[in-house]
2 protein chains.
Amino acid sequence: MSTDNKKKKAATCGQVIIHDEIVKRVQQNMPEEDNLYDLADLFKVFGDSTRIKIIWALFESEMCVCDIAYLLNMTQSAISHQLRVLKAAKLVRNRRSGKTVYYSLADSHIKQIFEIGMEHITEE
Amino acid sequence: MSTDNKKKKAATCGQVIIHDEIVKRVQQNMPEEDNLYDLADLFKVFGDSTRIKIIWALFESEMCVCDIAYLLNMTQSAISHQLRVLKAAKLVRNRRSGKTVYYSLADSHIKQIFEIGMEHITEE
DNA sequence: TAAACATATGAACAATTGTTCATATGTTTA
DNA sequence: TAAACATATGAACAATTGTTCATATGTTTA
């Protein structure tokens, strides 16, 4: 059965390339276009060290904008803009208490993702 | 012990904000600056749908540049540029066989990260 | 109600990024 | 060795992104 190595011409370069079955499997297993974009957008949010730091701070405790700006030594405006991005990605929530707005993590997966990411960058 | 709610002025906005202990814990648990940048850079690589698609295709099998370009319906050049990025991030390897260069995944963590990411974007 | 204050936000700007186009490089084959 | 071919890569360009600056919004307090 696996001795039968059927090959298929790939349109682009006209070379004999992948097995038909692999093409099919890739097309079957590839998630929906929409999901792929959403996934890329999620990682894009993680792809900035300011946002990574904000999230890492929030691992410890909920905090107001001012706290985060202080801890990261950045302007309130810069932090506020980034919190907006994090909120749009549903990674943080906020609650207002008087003048102060407290932010906290909204997703339990984040820590896992960061830990696995850390494994990758430290193991090589 | 926890009745003693010592608070500390945060330099930036002059408001009474976080407990001293939280500030300390954040500073202790925050990874090295270098690692934070590397982590952000890793996620930056995942933050593009073309690269996500390439990786997803490689989940199935190793493939040459031409295969990937065909499957993703993109130019060889665009794929080649992106494979370079993936390789710099140590996410893929390649081997040459004659004129053809085959790429494959170099890291076992990727699938986990993608799966957790997918959970996040689909659960809301 | 005016002043003080925490936060949000729009515009501007520099920096980064993804794709295309043209072409170089490396390998095989006639 | 020249032609064919798969891949890599530099330059250019449009698009996206992060921060700053100025200021608006929302809440409290005197």
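The values are calculated or read from the model by the stated rules, or taken from the named source; none is laboratory data. Predicted model only: the values in this text are computed from it and were never measured. All Cβ positions, glycine included, derive from the backbone under ideal geometry; neighbour counts span all protein chains shown. Only protein heavy atoms, including side chains, enter the accessible area calculation; ligands, DNA and RNA are left aside. Shrake-Rupley method; radii C 1.70, N 1.55, O 1.52, S 1.80 Å.
Here are a few things to note about the model shown:
- Of all residues in the stretch A:61-114, those satisfying the criterion of being among the hydroxyl-bearing types (Ser, Thr, Tyr) and touching a strand residue (DSSP E or B) at 6+ places or on another chain (Cβ under 8 Å) are A:Ser61, A:Tyr70, A:Thr100, A:Tyr102, A:Tyr103, A:Ser104.
- A:Met1 being open to solvent by 30 Å² or more (accessible area, probe 1.4 Å) and either at pLDDT 85 or above or within 12 Å of DNA strand D (Cβ to nearest atom) (or both): no
Residues checked against (1) at the interface with chain B (Cβ under 7 Å from one of its Cβ atoms); (2) closer than 19 Å to B:Glu21 by Cα; (3) within 14 Å of DNA strand D (Cβ to nearest atom):
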position	(1), (2), (3)
A:Val45	no, no, yes
A:Trp56	yes, yes, no
A:Cys66	yes, yes, yes
A:Ser104	no, yes, no
A:Glu115	no, no, no
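- Residue-level analysis places B:Val45 outside the set of residues that are of a type in the set (Val, Ile, Thr), in contact with a strand residue (DSSP E or B) (Cβ under 7 Å, 6 or more places away or on another chain) and at pLDDT 95 or above.
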